[in-house]
Amino acid sequence: MEEKTLLFKIGPIWFDGTICLMVLLTCVIVFGIVYFCTRNLQMKPKGKQNVIEYLIDFVRGIITDNMPSKEVSNFHLLSFTMFMFVLVANIIGLVTKVVIGDYTYWKSPTADPLVTLTLALIMIVLTHFFSVSRFGLKGYFKNSFLSPVAFLMPIKIMEEFTNLLTLALRLYGNIFAGEVLLGLIASIVSSTGLWAIPLAIPLEMIWLAFSIFIGAIQAFIFVTLSMVYMAHKVEVEE
């Protein structure tokens, strides 16, 4: 059965209501996690403070591995925010799936290609923005498209589009596949009867754990590649 989502229209533009709600919920969850874990900070962290500090250090490590140390502080907050959003967005649809009638009310936002393309576009646009801010328009164009040699400019321009597509579609493909397989396993019970439950539940739990792992890996890869692309734009090409 083809998946249907809530649609609404503002002026001439149609919006996917399910995705809008899930993106909003993801933002609320990320804010709630950070707010909860950063209340009553102590010099000797424990419990929830350890969790948020580990995540912060983990993201800082991603930037440190891909950019000069002087740039870490400039992009740390951006990377942490993006990592948390993608991580929660990847996992949220694996917890449950709400379908009433033919309409889906709950799914991972990153299981939609438009969401992942938007996230990728934000990061690619930001790489160009920070490059222009750093070098000026002339220096940006020279550093991004004419270095190390000018005849590579067509390849450099094409690379910007391939970076956008690979960043978006890698994330979308992995999360969408996870949700599809979870749905197929769940459909075993409804199509074959209760006797399939002993087989379906272990398969569901195993694939759920694997999908959560993949969701975390994809958040890591998304931020890592974003910082690699950023490094190419804010560092001078030799």
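Of the residues in segment 108-142, how many are over 28 Å from the mean Cα position of the chain (by Cα) and crowded, with 17+ Cβ neighbours inside 10 Å?
Of the residues in that region, 1 qualify.
Hey, could you check segment 212-227 for residues that are open to solvent by less than 10 Å² (accessible area, probe 1.4 Å) and not hydrophobic (A, V, I, L, M, F, W, C) and say which is modelled with the lowest pLDDT?
Here the answer is Gly215.
Would you be able to tell me the number of residues in segment 65-97 that are over 20 Å from Thr127 (Cβ atoms), open to solvent by 70 Å² or more (accessible area, probe 1.4 Å) and either modelled with pLDDT of 90 or more or not in a helix (DSSP H, G or I) (or both)?
1
Give the residue that is nearest to Leu55 (Cα to Cα), with candidates limited to residues of segment 3-19 that are without any contact (Cβ under 8 Å) to a residue 60 or more places away in the chain and open to solvent by 60 Å² or more (accessible area, probe 1.4 Å).
By that ranking, first place goes to Phe15.
Say whether the condition of being part of a helix (DSSP H, G or I) and at pLDDT below 90 is met by at least one residue in segment 112-124.
no
Go through Val86, Val72 for me and flag whichever is farther than 19 Å from Cys20 by Cβ and β-branched (Val, Ile, Thr).
On inspection, the qualifying residue turns out to be Val72.
Would you check if there is a residue in segment 191-199 being modelled with pLDDT under 75 and of a type in the set (Phe, Trp, Tyr)?
yes
Output the qualifying pairs, or none if there are none: Cβ atoms under 8 angstrom, residues six or more apart or on different chains, first residue in segment 139-154 and in contact (Cβ under 8 Å) with a residue 12 or more places away in the chain and within 13 Å of Glu235 (Cα to Cα), second residue assigned to a helix (DSSP H, G or I) and of a type in the set (Asp, Glu).
Correct list of pairs: empty, since none qualify.
Do the conditions hold for Ala209, that is, is it assigned to a helix (DSSP H, G or I), at pLDDT below 90 and either in contact with a Leu (Cβ under 7 Å, 6 or more places away or on another chain) or buried (at least 16 other Cβ atoms within 10 Å of the Cβ) (or both)?
no
The values are calculated or read from the model by the stated rules, or taken from the named source; none is laboratory data. Since this is a predicted model, take the numbers as computed values, not measurements. Methodologically, a virtual Cβ is constructed for each residue, glycine included, from the backbone with ideal geometry; neighbour enumeration extends over all protein chains shown. To get the accessible areas, we keep the full protein, side chains included, count just its heavy atoms, and leave off ligands, DNA and RNA. Shrake-Rupley method; radii C 1.70, N 1.55, O 1.52, S 1.80 Å.
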